[in-house]
1. Of the residues in the range 27-50, how many are at pLDDT 80 or above, surrounded by 14 or more Cβ atoms within 10 Å (Cβ to Cβ) and of a type outside the set (Gly, Ala, Ser)?
2. Name the single residue, out of those in the range 53-104 being surrounded by 10 or more Cβ atoms within 10 Å (Cβ to Cβ) and β-branched (Val, Ile, Thr), that is nearest to GLU36 (Cα to Cα).
3. Pull up the range 56-104, narrow it to residues that are among the hydrophobic types (A, V, I, L, M, F, W, C) and out of contact with any Asp or Glu (no Cβ under 7 Å at 6 or more places or on another chain), then point me to the one that is modelled with the lowest pLDDT.
4. Of all the residues that make up the range 24-37, how many are in a loop (DSSP other than H, G, I, E, B) and either within 10 Å of the chain's Cα centre (by Cα) or of a type in the set (Asp, Glu) (or both)?
5. Across the range 38-52, what is the total count of residues that are among the acidic types (Asp, Glu) and not in a helix (DSSP H, G or I)?
Amino acid sequence: MTTNRRQFLKRRAEWPDTYDAVSNVVGGMFNDHNHEDDVLQWIYDSFEFDKALGETGYEDGNTPAPNYTEFDGTSQVGDDHSGYLDHLSDEIVYHMEHVGSYVR
């Protein structure tokens, strides 16, 4: 089996469980992702053979759960994996305080 085929099957098997967990277990899920996060790129590409949700956001072809909201923090965080709290803390706290306004 090719690597691409394995990755496809792995994502296909993971997605329903993830969707159900987000939809049915949490009140709201927020993903502040960063396309330039070098740490996530290195770890996930090297060991998981996949992209991290925190790097790319939800993948094309997948429909996010209705209570999943994501924000692209790339312009604020850059390649500083440790910089989320330094650069996005106000946004993160705001999202946590206003979960009800994001959940569809």
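1. Residues that pass the stated criteria total 13.
2. Out of the qualifying residues, it is THR74.
3. VAL103
4. Of the residues in the range 24-37, 3 are in a loop (DSSP other than H, G, I, E, B) and either within 10 Å of the chain's Cα centre (by Cα) or of a type in the set (Asp, Glu) (or both).
5. 1
For every residue, the table says whether it meets (1) out of contact with any strand residue (DSSP E or B) (no Cβ under 8 Å at 6 or more places or on another chain); (2) free of Cβ contacts under 8 Å to residues at least 24 places away in the same chain.
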| site | (1), (2) |
| --- | --- |
| GLU48 | yes, yes |
| GLU55 | no, yes |
| GLY78 | yes, no |
| GLY83 | yes, yes |
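The values are calculated or read from the model by the stated rules, or taken from the named source; none is laboratory data. Keep in mind that what you see is a predicted model, and the values were worked out from it rather than measured. Here Cβ is always computed from backbone atoms with ideal geometry, including for glycine, and neighbour counts include all displayed protein chains.
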